[in-house]
Amino acid sequence: MRKGWLWVSVIGLVVLFVVLFVVLYLLGNSDQSALERIMNIAVIFLALSAMLVVLLMGAILGVIVWFALRIKDGAVPVFEQVTETLTRVRGSVEFLSEEAAKPVISFSSRVAGVRALVKTVTAKPKKKKS
């Protein structure tokens, strides 16, 4: 259904340009050559297309500004929530890493103490060199 409207729009636009071209050609002076008339019509079309481009660029700029303002209003609270969440996650990770590391450190220190005790008890006395 949309393709039908697209083709109607394109055909309508082409017909409009052809009619405008013919009307402008017929409005030209009789003392002008056909090439001069066509050149004047081309200048008119260039001016019209430049105005259309300026209008479209203004509309696009307006949409971009509107979209940026909409994103700003919606994004700032989201960024604040993300920052709060990351702060909570950081605190949780630090707490869990400390709590998980305490038993490992405690066990490692006890094993090191037992090794040192066993090494001290089973060590052979060193002979003095004379």
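The values are calculated or read from the model by the stated rules, or taken from the named source; none is laboratory data. This structure is a prediction, so every number in the text was calculated from the model and none was measured. Counting neighbours? That spans all protein chains shown, and the Cβs are built from the backbone with ideal geometry, glycine included. Quick note on the areas: whole protein, heavy atoms, side chains included, nothing else; ligands and nucleic acids left out. Shrake-Rupley method; radii C 1.70, N 1.55, O 1.52, S 1.80 Å.
Just to check your reading of the model, which residue among Val111, Val54, Val65 is modelled with pLDDT under 90 and either part of a helix (DSSP H, G or I) or under 30 Å from Leu16 (Cα atoms) (or both)?
Among Val111, Val54, Val65, only Val111 is modelled with pLDDT under 90 and either part of a helix (DSSP H, G or I) or under 30 Å from Leu16 (Cα atoms) (or both).
Taking region 68-86 on its own, how many of its residues are open to solvent by 80 Å² or more (accessible area, probe 1.4 Å) and either closer than 19 Å to Leu16 by Cα or not hydrophobic (A, V, I, L, M, F, W, C) (or both)?
Selection size over region 68-86: 7.
Any residue in region 94-116 that's open to solvent by less than 100 Å² (accessible area, probe 1.4 Å): show its pairings with residues that are among the polar types (S, T, N, Q) at Cβ separation under 8 Å, as long as the two are six or more apart or on different chains.
As it stands, the answer is none, since no pair meets every condition given.
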